[in-house]
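Data block below; observations after.
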Amino acid sequence: MEAFLISTGLVALAEMGDKTQLLALILALRFRKPWPIVAGILVATVVNHALAGAVGAWVTTVLGPVWLRWILGLSFLAMAVWMLIPDKIDDEGTDRAPRWGVFGTTVIAFFLAEMGDKTQIATVMLAAQYQAWAWVVAGTTLGMMLANAPVVWLGERMTRRIPIRLVHLVSAGIFVVLGLVVLFGWGA
């Protein structure tokens, strides 16, 4: 259960102000159809994070515990630094109807936007850390939905009220703590 709760919280925080959250806002403002957008986010996230979690679980079979500890600890610290770098996304501004519909466009856009993203890399690291693939994937998926679904429904009103810089600082702090815990073996 720890893997689920930490995965949920970390990804929900890491997603604040992330490019995929900005993508959710752009899709919501452009298409104004929240249900297919939210469903598309869910499908894309489950597939993307399931693959990322599988990579994380596989890594534990290849690396010894000492190497794994150092790689994970340093990766968590790198994620803390990455959290402090704001994301941007370009709005292409096209007025054409989506080729694959709102749902299909959302699935494709979110899946591709998540490739190499903070939350995907965090999913790999968390799956390697906890060795609980299903709980990590469920947690990271819930975290993504907690961060993105409200943006789809509440749109721009919500983004003006959340101090994104503070959220990024808190997320970075959590990643630092996790990195130090892993590196120094506290709680193990």
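The values are calculated or read from the model by the stated rules, or taken from the named source; none is laboratory data. Only a predicted model underlies this, so the values are computations on that prediction, with no experimental measurement involved. Note: ideal-geometry Cβ built from the backbone for every residue, glycine included; neighbour counts use all protein chains shown. The protein model used for the area step is the full one, side chains on, heavy atoms only, and it has no ligands, DNA or RNA in it. Shrake-Rupley method; radii C 1.70, N 1.55, O 1.52, S 1.80 Å.
Observations, loosely collected:
- Once the trypsin sites (Lys or Arg not before Pro) in DSSP loops with at most 15 neighbouring Cβ atoms within 10 Å are cut out of the chain, the longest remaining piece is 100-188.
- Protein accessible area in the stretch 107-153, 1.4 Å probe - carbon and sulfur %: 76
- To the nearest ten degrees, helix 19-31 and the longest principal axis of the Cα atoms of the chain are 20 degrees apart.
- Helix 164-184 and the longest principal axis of the C-alpha atoms of the chain enclose an angle of approximately 20°.
- Placing unit charges on each Cβ (+1 for Lys and Arg, -1 for Asp and Glu) gives the stretch 1-71 a dipole about its Cα centre, and among P36, Q21, A54 the Cα reaching farthest toward its positive end belongs to P36.
- Helix 34-62 and the longest principal axis of the C-alpha atoms of the chain enclose an angle of approximately 20°.
- Per residue, the chain exposes 52 Å² of solvent-accessible protein surface, assessed with a 1.4 angstrom probe and all protein chains in place.
- Of (i) 1.03; (ii) 1.25; (iii) 1.19, the label for Cα Rg over 2.2 N^0.38 Å derived from the coordinates: (i)
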